[in-house]
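One structure below.
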């Protein structure tokens, strides 16, 4: 299994996706890139909708891209947005979406266009989380 190295390739992919964001309502452009269990990178931007609940976060879109490409596990993630609005970080819903595919000790890089600002684990972002092992009868993931 590939190990996490420099997040530079994830940043480049997330920035490329962020350039294609559809965010006319909030103006908050986000890109996300996920590394799968084979080392492949899957990236996507956020996509807003006039009916706000119908929009899609960049992380959720990237998970869809990963699954469509045959990936099943996220080993590392990066989210990029303008840090002027605060530290870029996945929303609560996307933290739970990532929990479905990512181990709690995996790295999530929080970045601005100039680079990584902070790196945390999924467990730090989503403490005391509920995951698939609770439904599948497993004790660990």
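Find the helices (runs of 4 or more DSSP H) located wholly in the stretch 59-141 whose residues include 2 or more that are modelled with pLDDT of 95 or more and closer than 24 Å to residue 28 by Cβ, and list them.
Working: elements: 92-101, 122-125, 132-136.
Qualifying helices (runs of 4 or more DSSP H): 92-101, 122-125.
Just to be sure I understand, how many residues within the stretch 16-40 are closer than 13 Å to residue 74 by Cβ, surrounded by fewer than 20 Cβ atoms within 10 Å (Cβ to Cβ) and in contact with a helix residue (DSSP H, G or I) (Cβ under 9 Å, 6 or more places away or on another chain)?
Going through the stretch 16-40 one residue at a time, the tally reaches 1.
I'd like the residue in the stretch 1-15 that is surrounded by 13 or more Cβ atoms within 10 Å (Cβ to Cβ) and at pLDDT 95 or above and, out of all such residues, is farthest from residue 85 (Cα to Cα).
9
When you go through 122, 110, 98, 66 one by one, which is the residue that is farther than 25 Å from residue 22 by Cα, free of Cβ contacts under 8 Å to residues at least 60 places away in the same chain, buried (at least 20 other Cβ atoms within 10 Å of the Cβ) and in contact with a strand residue (DSSP E or B) (Cβ under 8 Å, 6 or more places away or on another chain)?
Going through 122, 110, 98, 66 in turn, the sole match is 122.
Give me a count of the residues in the stretch 69-91 that are under 22 Å from residue 127 (Cα atoms) and free of Cβ contacts under 8 Å to residues at least 60 places away in the same chain.
So the answer is 8.
The values are calculated or read from the model by the stated rules, or taken from the named source; none is laboratory data. Note that the coordinates shown come from a computational prediction; the quantities given were computed from them, not determined experimentally. Glycine also receives a Cβ, built like all others from the backbone with ideal geometry; neighbour counts cover every protein chain displayed.
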